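Here the structure comes first, spelled out in structure tokens, and everything after it is commentary.
The values are calculated or read from the model by the stated rules, or taken from the named source; none is laboratory data. Just so you know, these numbers come straight off a predicted model, no measurement behind them. Cβ placement follows ideal geometry from the backbone for every residue including glycine, while neighbour counts extend to all protein chains displayed.
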Amino acid sequence: MHKHRGYMKKTAFTSAVCAALCLSFPSTAKADDVPDYMKIITLNEGAPPAKNDIAFKNLYALNEGMFPLYEARIALYKKHLRERIPLIMGLFSGDGGRFILYAPGKDPVEAPPPPKVYKMAKSVGHCAMVTYDWVAPLVTTSATDQSWVGEMKAYRTRVQTGIEALDQITDIKPEDRDLMKDTLKQVLAFMDQCLAKGSFTYDEVITYTHGVKPNLAKLIGVSANAQVGHWYGVLEQWKTLLGKDWDKTYALTNTIYVARQNNILFTLLAQFMGEKAINDRLILMETTDFTASPDDMLTGFVRIISDRALGQSFYKDYHLMDYELLGSGGRAAITAEATKRGLKPFLPPLVPFNSTQWPMRIDPTSGSGPSTLEEIK
């Protein structure tokens, strides 16, 4: 009797386990056997993925799996570089730039911005240009589309206030004050003309822009003198501070498309670091905005320097990784495809990986026309 009860208990237990396993592993279940709430998250029945597609995904997973490994190493490289090399970072900003010194093993030191006259001249110049941007889309509809009137009246008040403010600012040269005031008065006169008439024409807008243009060139000079003089002083101090480490100091600055040619911050650094440092220890990093965060710039810098070590290790060339590796193969492929079609391939000239030429347009024969504001008549 006891044996029988034991057998019954074992049989019941075994049946329960089998039932549980069947529920856990429904190997023969079909789509129709799945509860409705599961159907929205389960795969539809159909042909399984092709073996070729699965194989491709497994192979390409090598590339996808690289990124977390690479990012982890970048953090380590960043730590090592911050401990071992001096770095100067120049960043565009509304204050006339930012310069930050990263001395090895020390906290970053940011220099003070240029004097206020830089921002004042810039503000006045931008006021004149944004007035054009404001009215340009409406030169054919200003009489019927009066949406501009209220905004212009409001901005006119700001312009008038700016003129009055100039008389209260003491730390400015008289000639610079007169230049800014004359520019704002031209803006004010144009606005008054538009508001009195209730409209404006293309010819009136162009008369305004041509009239204010000479002042804009002078305002650029005021801003540039204040900016350049200030940063010269800062870089001189830092060069003295770093002493013998200056010759192993790296520097980088950011640029967007319009600031690539004659990039003021890069050009300032080049005066102190010399031609041989260009594209080696002095780097122009392209970004998508005028402003960039120091941390993003530092990460980009670390990628460049760490990849150079990779280039030396794999290809015996320290600067090769500064260039897209597909470039050489791409050139050959473009040449081959052009030849198939009877076309002449149009390619940039080949230059050494360690070229120290300026990283912007430097060939004066590559175009025609004026090269400076002063040449435009």
* From Val222, Val212, Val234, residue being buried (at least 16 other Cβ atoms within 10 Å of the Cβ), in contact with a Ser or Thr (Cβ under 7 Å, 6 or more places away or on another chain) and β-branched (Val, Ile, Thr) -> Val212
* What single numbered condition from (1) in contact with a helix residue (DSSP H, G or I) (Cβ under 9 Å, 6 or more places away or on another chain); (2) of a type outside the set (D, E, K, R); (3) farther than 19 Å from Gly96 by Cβ; (4) touching a residue at least 60 places away in the same chain (Cβ under 8 Å) fails to hold for Phe190? -> (4)
* To do: Would you please name the residue that is surrounded by the most Cβ atoms within 10 Å (Cβ to Cβ), looking only at residues in the range 300-347 that are of a type outside the set (D, E, K, R), under 24 Å from the mean Cα position of the chain (by Cα) and assigned to a loop (DSSP other than H, G, I, E, B)?
  => His319
* **Criterion: among the basic types (Lys, Arg) and under 21 Å from Gly94 (Cβ atoms) - qualifying residue of Lys218, Lys181, Lys197** => Lys218
* To do: Being of a type outside the set (S, T, N, Q) and within 21 Å of Tyr257 (Cβ to Cβ) is the filter here, so list the residues in the range 352-377 that pass it.
  => Trp358, Pro359, Met360, Arg361, Ile362, Asp363, Pro364, Gly367, Gly369, Pro370, Leu373, Ile376
* Examine the range 47-61 for a residue that is at pLDDT below 75 and exposed (fewer than 10 other Cβ atoms within 10 Å of the Cβ), and state whether such a residue exists. => yes
* Structure fact -> Restricted to the range 270-291 and to residues being among the hydrophobic types (A, V, I, L, M, F, W, C) and closer than 18 Å to Leu81 by Cβ, the residue nearest to the chain's Cα centre (by Cα) is Met285
* Only residues that are farther than 24 Å from Lys213 by Cβ, among the charged types (D, E, K, R) and outside any helix (DSSP H, G or I): list them for the range 145-198, please. => Asp145, Asp167, Asp171
* **Subset of the range 285-299 [of a type in the set (A, V, I, L, M, F, W, C) and either surrounded by fewer than 17 Cβ atoms within 10 Å (Cβ to Cβ) or in contact with a helix residue (DSSP H, G or I) (Cβ under 7 Å, 6 or more places away or on another chain) (or both)]** => Met285, Phe290, Leu298
* To do: Those residues that are in contact (Cβ under 8 Å) with a residue 24 or more places away in the chain and within 14 Å of Ile283 (Cβ to Cβ), I need them from the range 218-267; list them, please.
  => Thr249, Tyr250, Ala251, Leu252, Thr253, Asn254, Thr255, Arg260, Asn263, Leu265, Phe266
* **Condition check for Asp145: surrounded by fewer than 16 Cβ atoms within 10 Å (Cβ to Cβ), over 23 Å from Lys119 (Cβ atoms), out of contact with any Ser or Thr (no Cβ under 6 Å at 6 or more places or on another chain) and charged (D, E, K, R)** => yes
* Asked: Taking the stated definitions as given, is Lys79 within 24 Å of the chain's Cα centre (by Cα), buried (at least 17 other Cβ atoms within 10 Å of the Cβ) and part of a helix (DSSP H, G or I)?
  -> no
